[in-house]
Amino acid sequence: MADQHQAGELAQQIARKTAASPTTSAIPAGRAETKTADDAGLDTDLVEAINQVFALFRLNYHNQYYAAWSEAQQLGQVKRLWLEALGHFSSDLILMGARRAIEGSEYLPTLNRMLASCSEALGELGLPTASAAYEEACLAPSPKAEATWTHPIAYLAGRDAGWYLLANHQRSEAWPTFQTHYNQWLRRALAGETLTIPERKAISATREEDAMSMDERKEALSALKEQLGF
């Protein structure tokens, strides 16, 4: 069992480059080896993230790993379950959650622990989950830039997905587009970028430019009275 420092280093190395082996394949036994994630209609980024997570587990919990998942078919089924359960998180966040789970426990993480770890990582960054951000974007009043947002990521993802799409289409139709944009902004936030609502700044600047001083108002009123013959 690697110590916490070694686990963190291994996590970063695996996150950068992990070669999938028969042991870490995301394709359940019984499927043809040529069957790709794209053919199966799966998100290739998420499939790769799950492969990397299990590679991390194998390195850090070697004995526990093989005791829990000794058969290739069983491992494939477990991976598919994890893929479905963690699918609403981005691939970057899944890897971050795995690193947190490894550094925080000497025992092989369960799916429930991984879900909690990913949510905790979001919470520490002050970010809502994709699902919470979607609900917020759908319910926000207009004008959207003036609404109160728990975090700019909800606004930015909603704006990029399209307010019309969110307001006029079922969740099953709007959610994939929203989630794609949310994950793009999440990746930028995880990279250290501070997310803001640019339109709000533009509106404020316009209002400041349009605002007239008291003297300017008096002059304008006097000019208007002259024009009207008062």
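The values are calculated or read from the model by the stated rules, or taken from the named source; none is laboratory data. Remember, it's a predicted structure, so these values are computed and weren't measured experimentally. Here the Cβ is made from the backbone with ideal geometry for all residues, glycine too, and neighbour counts use every protein chain on show. We work out accessible area using only protein heavy atoms, side chains counted, and drop any ligands, DNA or RNA first. Shrake-Rupley method; radii C 1.70, N 1.55, O 1.52, S 1.80 Å.
Just a few scattered comments:
- Integer Hz, Karplus 6.51/-1.76/1.60 couplings in order for region 106-118, x for Gly and Pro: 8, 10, 4, x, 8, 4, 4, 5, 5, 4, 5, 5, 5
- Per-residue HN-Hα couplings for region 175-181 [Karplus 6.51, -1.76, 1.60; θ = phi - 60°; Hz; x = Gly/Pro]: 4, x, 5, 4, 4, 4, 6
- Descending principal axes extents, region 34-141, alpha-carbon based, whole Å: 52, 36, 17
- Additional length obtainable on full extension of the chain from Y107 to T194, 0.36 nm per residue less Cα span: 27.8 nm
- Cleavage-rule hits, GluC sites (Glu not before Pro), region 146-194, DSSP coil, Cβ neighbours within 10 Å at most 10: E193
- Solvent exposure of region 85-206 amounts to 48 Å² per residue of accessible area, where only protein heavy atoms count and the probe is 1.4 Å.
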